[in-house]
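Beneath this line is the structure, given in structure tokens, with notes to follow.
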Amino acid sequence: MIQSLRDRINKVFVGKKDVVDNVLICLLAGGHVLLEDVPGVGKTTLARTLAQAVRCSFGRIQFTPDTLPSDVTGMTVYNQKTGSFEYREGTVMNQILLADEINRTSPKTQAALLEAMAESQVTVDGVRYPLPAPFLVIATQNPIEFVGTYPLPEAQLDRFMMRLSIGYPDREAELTMTRNFLQNASEESVEGVCSAEDIERMKQEVADVHVSEGILGYLQEIIALTRTEGKLALGASPRALLALTRASQAHAYLAGRGFVKPDDVRDVAVPVLHHRVVLTPEARIAKEQADDVLAVIIRQARIPKE
């Protein structure tokens, strides 16, 4: 089922198999994804194709400075016929939600979405409404434009399991994409591979993937090293350790294993951690990159012998 899911998505979203795998890891690990890239590289296509492949409801909200929290969470309206107040669902009541250009809306609206991400529910006029399962937010932001934007603070970035960059496709992938466009092949034509119930079952199987004491120590040492690294002003939080552990389990699951190896940890460590750490001013002046600093930290961590 996992391989069929990969094949269906990669047929439309061409040339970025590693990005597809990481999004599937977040889906099966119960996390959320922040896609940070320039316009036109397929962020919407990826989200919509994934929703089609897993037969889940899909919602898209285009964030602008005047987007209100009620546009996300929904609102209570008065029904004159029944004489009572009724809840009108917001866009968040979808299983796969594309939050487009999240950094263009106000912090209050950002907080409304991030509350739903953290608690899998929304509260409207004192009443709690559970979100559908599975629930995955794929948020996007343009790293080039800064005018009229509200950058996500570190505490809110920490809510995302991974921050990914799609990048431009290579020549062959771009040609394949154009051929598909000429043949009118789109994400709307993707056949479903599994259902929401299948995803929930696989999420439970991911949670059952074995993590040995040696691997737990390896995970914790990587997190601890980010807190003592001189080039980082802010290290990874305890939530980062939990996210890295679950992402490693999902990576092992996608590889067909029931236990986590150090390779699983190394493969997901940078996407999970690089938006949770902050470089010092001196490191930024020296044009250091967070990914390079994290790569050194990962090499320093002692690999368990077992």
Checklist (1) touching a residue at least 40 places away in the same chain (Cβ under 8 Å); (2) in a helix (DSSP H, G or I); (3) not polar (S, T, N, Q) applied to H275, failing item: (2)
What helices (runs of 4 or more DSSP H) lie completely within the stretch 1-119 and have 2 or more residues being at pLDDT 90 or above and crowded, with 20+ Cβ neighbours inside 10 Å? 17-29
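Could we say that E86 is under 30 Å from L234 (Cα atoms) and either under 21 Å from the mean Cα position of the chain (by Cα) or not polar (S, T, N, Q) (or both) here? Give the derivation first.
Details: under 30 Å from L234 (Cα atoms): no; either under 21 Å from the mean Cα position of the chain (by Cα) or not polar (S, T, N, Q) (or both): yes.
When the stated conditions are applied, E86 does not pass them.
Listed here are the residues, each with its yes/no results for (1) surrounded by 22 or more Cβ atoms within 10 Å (Cβ to Cβ); (2) assigned to a helix (DSSP H, G or I).
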| site | (1), (2) |
| --- | --- |
| F181 | no, yes |
| K203 | no, yes |
| G217 | no, yes |
| E221 | no, yes |
| L242 | no, yes |
| S248 | yes, yes |
| R257 | no, no |
Scan the stretch 155-167 for residues that are surrounded by 12 or more Cβ atoms within 10 Å (Cβ to Cβ) and either at pLDDT below 80 or over 20 Å from the mean Cα position of the chain (by Cα) (or both) and report the count. 1
Selection over the stretch 1-41 where residues are under 17 Å from the mean Cα position of the chain (by Cα), among the hydrophobic types (A, V, I, L, M, F, W, C) and more than 28 Å from A116 (Cβ to Cβ) yields a count of 0
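Listed residues V54, V77, V72; which is touching a Cys at 6+ places or on another chain (Cβ under 7 Å), assigned by TED's automatic domain parsing to the domain that holds A155 and not hydroxyl-bearing (S, T, Y)? First the steps, then the outcome.
Details: V77 fails: touching a Cys at 6+ places or on another chain (Cβ under 7 Å); V72 fails: touching a Cys at 6+ places or on another chain (Cβ under 7 Å).
Only one candidate passes the filter, namely V54.
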So R128 fits all but one of (1) farther than 21 Å from L35 by Cβ; (2) surrounded by 18 or more Cβ atoms within 10 Å (Cβ to Cβ); what number is the exception? (2)
From the set of residues in the stretch 231-240 that are closer than 19 Å to D158 by Cβ and crowded, with 17+ Cβ neighbours inside 10 Å, which is nearest to the chain's Cα centre (by Cα)? A240
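The values are calculated or read from the model by the stated rules, or taken from the named source; none is laboratory data. Note that the coordinates shown come from a computational prediction; the quantities given were computed from them, not determined experimentally. For neighbour counting, all protein chains shown are included, and Cβ atoms are generated from backbone atoms with ideal geometry for every residue, glycine included.
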